[in-house]
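What follows is a set of notes on a single structure, which appears directly below.
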Amino acid sequence: MGSARTNRGGSDPSTWALRHLQVALASLGRLCSAPLATLMTTAVIGIALALPTGLHVTLNHVQQLAGGWEGAATFSLFLKQEIGEKQAETLAAKLRRNPRLAKVQVIPPDLALAEFRRLSGFEGALDALDENPLPTVLVIEPEPEYSTPEAAETLMAGFNRQAEVDFTQLDLQWVRRFHAITEIARRGVLVIAALLALAVLLIVGNTIRLEIQNHRSEIEITKLIGGTDAFIRRPFLYNGLWYGLSGGILAWLLVSLALWLLNGPVEHLAGLYHSDFDLSAIGLPTLGALLTASALLGLLGSWIAVSRHLSDIEPD
Amino acid sequence: MIHFEQVTKRYPGGHEGLSNASFHIAPGELVFLTGHSGAGKSTLLRLIGLLERCTRGQVRVNGRNLGRIGRRDIPYHRREVGMIFQDHRLLHDRTVFDNVAMPLVVAGMRHQEIGRRVRAALDKVGLLNKEKARPITLSGGEQQRVGIARAVVSKPPVVLADEPTGNLDPALSQEIMDLFMQFNRVGVTLLIATHDLDLISRMGQRILTLNRGRLVRDSAAG
């Protein structure tokens with residue numbers, strides 16, 4: 001009894017690659033021969049992909065911009081009561097030599113008391129005190145790159161090891177809140193991206209489903225003359241790949257256009273804040289990720305359509 | 001080449017397209033299959049091409065038990081069985097050349113070899129000058145000959161034809177039959193379903209007669 005596969009042909013790799021190339025180009029040619037229909041599908045995919053891409057780029061810009069604000073992480077070093085102004089200055093001078101710190105300011109007890117008196121509204125109570133209960137305080141701002149919660153904790157441990165320091169207070173709230181907000185925004189972008197990726201799958205899937213229906217007789221005849229499922233599937237998969245890829249390119253163009261349009265006003269606004277911030281174009285890694293993801297989404301969408309609908313078509 | 005052993009095909013609902021049919025067709029034979037419409041001619045051909053599977057019994061083609069061929073291997077079986085249909089089943093958005101080339105393309109043959117073989121097949125059916133035409137611009141007889149060229153282009157050992165002359169006048173029908181005789185002379189096994197008794201009685205070939213799914217007569221050639 002002979003094997004049914006004895007007459008399998010075209011199995012050597014170069015023939016195989018050539019055949020794939022032919023199918024890929026033929027598929028591209030077919031899409032280009034119906035430009036309006038192709039453009040409509042591409043536009044829907046492009047817009048769906050442009051939204052998460054745009055949000056991602058915006059978020060990156062916000063984080064870049066916020067790098068400057070994170071200086072808001074300030075340490076207050078409360079020195080021990082017995083530490084005099086001179087020793088405090090010596091410590092401050094030592095800390096100023098630390099490259100990780102941007103600014104060290106000494107606040108002597110008198111000044112602190114005066115400020116407290118002015119801001120707290122406890123003037124009467126303070127008058128009743130015989131002596132100034134406040135210690136000398138050093139206010140320290142770290143360099144921006146040491147403003148993350150983790151780096152700040154390390155710095156704080158270092159300060160607490162100094163003999164002169166009673167305790168250190170760190171206003172990390174703002175840093176933590178900001179990181180929490182960007183984390184939420186990042187998750188939000190992920191959720192939107194996931195939903196729109198699903199939309200792209202459905203769009204490609206539906207387009208390919210219609211194409212399969214339009215090629216019903218061709219598929220039947222191909223099955224009759226011994227075309228394998230892989231052979232019949234291939235052009236539809238390439239169609240999906242091209243749809244996804246062209247949608248990705250369109251998304252890139254749309255976001256680039258939006259950034260270009262926004263850059264003028266943003267630069268103007270940044271100028272008003274004496275900042276040289278501007279909207280940079282989409283970077284190569286982002287572009288690469290966008291195009292890879294869009295091509296894979298197109299391929300996956302058509303794969304789903306093909307595996308669902310191709311087996312329904314049997315010759316009669 | 002084709003063996004049917006007590007083959008029954010029962011459709012959902014209980015109707016039997018073929019009942020307990022047994023016969024053998026030797027390699028290189030040309031056999032006609034006849035009977036009224038609904039007698040089971042198409043069912044029998046569809047079982048050989050694995051468009052359907054039998055409910056009971058065993059079908060063997062070219063030494064292979066079709067019951068053992070899995071879904072994924074059906075295409076490789078069909079490459080060994082050329083099929084010709086009454087309605088031609090041509091693709092009207094492609095040229096005659098491309099239609100005939102299809103079996104070679106799906107088999108992954110090289111480009112140059114495809115051109116050579118397609119032209120040889122078109123030459124055999126007398127349509128070499130129509131290779132760039134669309135099937136829709138051809139007459140019914142010409143379209144049928146394109147269908148025949150497509151069925152034989154990959155040189156399958158078995159060729160099936162379902163009412164190949166159904167829509168043709170007697171002269172054209174005779175031409176088509178002469179073509180089949182030519183293929184038979186080079187060793188192709190042919191099984192041709194037709195109800196054109198006048199035509200086949202003149203040809204002196206073996207005739208299988210079906211009636212309501214039963215094989216009622218097997219008249220030897222002569």
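Residues of the range A:277-316: accessible area per residue at 1.4 Å, in Å²?
Dividing the accessible area of the range A:277-316 by its residue count gives 51 Å².
Given a 1.4 Å probe and every protein chain left where it sits, what share in percent of the accessible area of the range A:74-171 is carbon and sulfur?
52 percent
Using only Cα atoms and rounding to the nearest 10 degrees, what angle (0 to 90) does helix A:85-96 make with the longest principal axis of chain A?
Here the helix axis deviates by roughly 20 degrees.
Ignoring ligands, DNA and RNA, how much accessible area is buried between chains B and A, both sides summed, with a 1.4 Å probe, to the nearest 100 Å²?
2700 Å²
Going down the table (B:K41/B:K132; A:K223/B:K155; B:K124/B:K155; A:K223/B:K130), which pairs top 23 Å between alpha carbons?
Too far apart for the 23 Å limit: B:K41/B:K132; A:K223/B:K130.
Tell me, what % of the accessible area of the range B:144-204 is carbon and sulfur with a 1.4 angstrom probe?
51 percent
Ignoring everything except DSSP H segments at least 4 long, calculate the 222 nm mean residue ellipticity for chain A; use -39,500 (n - 2.57) per segment, divide by total residues, nearest 500.
Helix contribution divided over all residues of chain A: -23500 deg cm²/dmol.
Under a 5 Å amide H to amide H cut-off, with H placed in plane at 1.01 Å, what residues pair with A:K103 once short-range neighbours are removed?
A:E141
Okay, which of the range A:279-316 sit inside 19 Å, backbone N to the point 7 Å along the Cα-Cβ direction of A:E220?
Correct set: A:309-316.
What percent antiparallel are the DSSP beta bridges of chain B, to the nearest 5?
Approximately 50 percent, going by the DSSP bridge assignments.
What residues in the range B:46-67 lose 20 Å² or more of accessible surface when the other protein chains are added to their chain alone (1.4 Å probe)?
B:R46, B:L51, B:G63, B:R64
Hey, rough spin-label estimate for A:I192 and B:R119, points 7 angstrom out along Cα→Cβ, what's it come to in nanometres?
In this crude spin-label approximation the distance works out to 6.1 nm.
Report the calculated FRET efficiency for A:E82 and A:L269 (r = Cβ-Cβ distance, R0 = 60 Å), to the nearest 0.05.
0.75
How much of the DSSP beta bridge set in the protein assembly as shown is antiparallel, as a percent to the nearest 5?
Of the beta bridges lying entirely in the protein assembly as shown, close to 65 percent run antiparallel.
So, in nm, how far is label A:V62 from label B:D87 when the simple model puts each one 7 Å beyond its Cα toward the Cβ?
It is 6.0 nm.
Calculated from DSSP H runs of 4 or more alone, at -39500 (n - 2.57) each and per residue, what is the 222 nm mean residue ellipticity of chain B, nearest 500?
Per the formula, -9500 deg cm²/dmol.
Quantify how strongly other chains surround peptide A:225-235 by giving the mean number of their Cβ atoms within 10 Å of each of its Cβ atoms.
For peptide A:225-235, the averaged partner shielding equals 6.
How big is the gap, in Å, between the Cα center of the range B:143-222 and the Cα center of the range B:78-127?
If we compute the Cα centre of each part, the gap is 19 Å.
Find how much the distance from B:D218 to B:V186 grows on full extension, using 0.36 nm per residue of separation minus their present alpha carbon separation; answer in nm with one decimal.
Here the segment from B:D218 to B:V186 would lengthen by 9.1 nm.
³J(HN,Hα) across the range B:85-91 via Karplus (A = 6.51, B = -1.76, C = 1.60, θ = phi - 60°), whole Hz, x for Gly/Pro?
These are the phi-based 3J(HN,Hα) values: 10, 4, 8, 6, 6, 9, 9 Hz.
At a Förster distance of 35 Å, what's the computed FRET efficiency of A:L284 paired with A:R100, Cβ-Cβ distance as r, to 0.05?
0.65
Which value, in Å², gives the accessible area per residue of the range A:74-171 when a 1.4 Å probe is used on the protein heavy atoms?
That works out to 61 Å² for each residue.
Cα centroids of the range B:28-72 and the range A:144-220: how far apart, whole angstrom?
Computed from Cα coordinates, the inter-centre distance equals 61 Å.
On full extension of the chain, what length is gained from B:R202 through B:I69, given 0.36 nm per residue of separation minus the C-alpha to C-alpha distance?
44.1 nm
The values are calculated or read from the model by the stated rules, or taken from the named source; none is laboratory data. Computed from a predicted model, the values in this text were never measured in an experiment. Quick reminder, even Gly has a Cβ in these numbers, built from the backbone with ideal geometry, and neighbours come from all protein chains shown. For the accessible areas, the whole protein counts, side chains as well, though only heavy atoms, and no ligand, DNA or RNA atoms are used. Shrake-Rupley method; radii C 1.70, N 1.55, O 1.52, S 1.80 Å.
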